[in-house]
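Every read-out reported here was derived from the displayed coordinates using simple, explicitly stated rules and does not represent laboratory data. The structure displayed is predicted, hence computed values, not measured ones. Glycine gets a Cβ as well: all are built from the backbone with ideal geometry, and neighbour counts include every protein chain shown.
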Amino acid sequence: MRISRGALDRRRFLRSLAILGGGAALADLLPAWALPARAAERSPAALSGEDIHLKIGHATLSVDGRASHAVTINGTVPGPLIRLKEGQTVRLHVSNGLEEETSIHWHGLLVPFEMDGVPGVSFPGIKPGETFVYEFKVKQSGTFWYHSHSGLQEQVGHYGPMIIDPAGEDPAAFDREHVVVLSDHTRVHPHQIFRRLKQQSGAFNFQRQTIAGLLKGKDQTLAERLEWGRMLMDPTDISDVTGAAYTFLINGRGPSDNWTGLFTPGERVRLRFINAAAQSVFNVRIPGLKLTMVAADGQHVRPVEVDEFQIGNAETYDVIVQPVEDKAFTIVSESVDRSGLGRATLAPRPGMSAEVPPVRQRPLANMRDMGMDMSGMDHGGMDHAAMGHAMPAAEPGMAPPRARGGDVMAKGDMGGMDMSMRNPDNAPHVPLGPGVQMLSPMAVDRRAEPGQGLESVGHRVLVYRDLVALEPNPDQRAPERSIEIHLTGNMERFMWGFDGRKFSDRPPPYSFRHGERVRVVLVNDTMMAHPIHLHGHYFELAFGPVGRMPRKHTVIVLPGGRVAFDFTAETGDWAFHCHMLYHMHAGMFQVFSVRDGQGEGA
């Protein structure tokens, strides 16, 4: 993947603000599908048909009354809603009006690898002034999205939703639908954000523990703080970029702008949630309404009723709500570190609003997030069984947790057991260089857990193990082999990679042969969650009823966690990366190289 470090330089950024700073430029850049209800009814809601034209350009975006620079698609942020039909062939003409290379990746779509849209991997990119035509047959249906895979353009508005209607009847019955695009917006130039993270990884963390908190008995005890300090770990370091720099948007509108979707009491309303954020994981709820999950990453699942769900970068979830009262409800997208939230409204009529709940207390990382937890022992008072998130047995093909002594020792409340944070035996194939701060000595399967800070919210939170595929898995063969990939990083230096190597080091790709069935085990050796995305494929999370394992294209690997998935390799060179934009930019990117005939292994 080629990354343009000169992209969107500050001088051009400021010049664009000056040129576009007039009243016309500051007009609402919302696409028709995201306009207020009355205005949307007078505008075409989606682009559809066999030929669709998209123009990438610059504009000035107004969020909550403040102006900033944006990269737009057809002049809007988010980009236009593209609506296709399963089975059709589509040609998408993408013209580059920028002064730098651009691209579009069709996230979650099963397309020929030449149409996948990753510069330097699957195609050469779209040069300034040029047009590239993506052409492919639509093989699936569901909720998807599209975005730039060039530089940091995604952060400044280069993303949009895509809905594909099924060729037959949709198994999820609904009366009305709304597309709900979650994102994070900043007035700080994205390359400046990246430079600040490299200079000081906690530059945007304004929620650190204080002496006042210690005296009031909040957060960690003094002993715990001293221990974490000795290990150079910060338990409040949950998100790299926080509400200190971000405004959290819903359909391009800030909390004060308050996007509103309408309903008639008693209707079944389908909400198609898309996390298009560059760096933010969200916890989503609608106080007063139950959420019935019917699809994950565009794939139908057996309906499951929850009160809240966590959505990682690039994931999509479809939920059904059925408000029966003639009143407004607030859609809340709270950032995982609870430094802010996005807010929108569901209402029977325009102009209505509901109470916006306050941001909840921010979570703290614990020894489990460090990969140093032991089931059955004292983990700082956490009783997972009592919370309904008891740890399941390891999946077939997953190695049991390991604990050995070593060079850097950490003595938590573990019954006196010492465990190494950098023992090479925990991952013999991972080089212990400056980009590897730790190797989790006891990474565990956390797919039955709801995510950081959601363990004790007092209502039901979706967990991955709630998901069961509605349709049978298309390939039900057992894996032929298994590979283990470690998610590695040095949080203090903001270095990220796979198996201890960042992409700029030119590591060899992971190699597969066409058609083979492979189990991939991801081990998170960092203290941050990583939403990992594999292009060009769906994979089955390795749990659940035989033949009905949930199918996804993106999965959150919690800190100190392990995730196993099975996939069937399709010919091509496919990007494999963390979907937190700055982690990918810093090196957490690789290639799955699939060839016909005998593969080289991995």
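A few points about this structure:
- Aspartates and glutamates with Cα under 17 Å of K198, excluding same-chain neighbours fewer than 8 positions away: D234, D237, D240, E492
- Between D51 and H514, the modelled labels are 3.2 nm apart [label points 7 Å from Cα along Cα→Cβ].
- Annotation: for a label point projected 7 angstrom from Cα along Cα→Cβ of R187, residues of region 328-342 with backbone N closer than 20 Å are 339-342.
- Exposure proxy for I483, I126: other Cβ atoms within 10 Å of each Cβ, ordered fewest to most, give I483, I126.
- Sorting T260, T571, T131 from the fewest to the most surrounding beta carbons within 10 angstrom yields T131, T571, T260.
- Ranked list, fewest to most other Cβ atoms within 10 Å of each Cβ, for S280, S482, S353, S256: S256, S353, S482, S280
- Ordering of 305-318, 544-557, 194-207 by packing is 305-318, 544-557, 194-207, highest average first (other Cβ atoms within 10 Å, averaged per residue).
- Three-way shape call for region 441-512 based on the alpha-carbon gyration tensor, with the a/c threshold at 1.5: oblate
- Over 21 Å apart at the Cα level, from the set K85/K137; K55/K127; K139/K552; K85/K127, are K85/K127.
- With R₀ set to 56 Å, the beta-carbon distance separating R422 from E305 gives a calculated FRET efficiency near 0.80.
- Under 18 Å from the Cα of K290 - aspartates and glutamates, other chains or at least 8 residues apart: D175, E177, E267, E305, D307, E308, D318, E325, D326, E334, E355, D466
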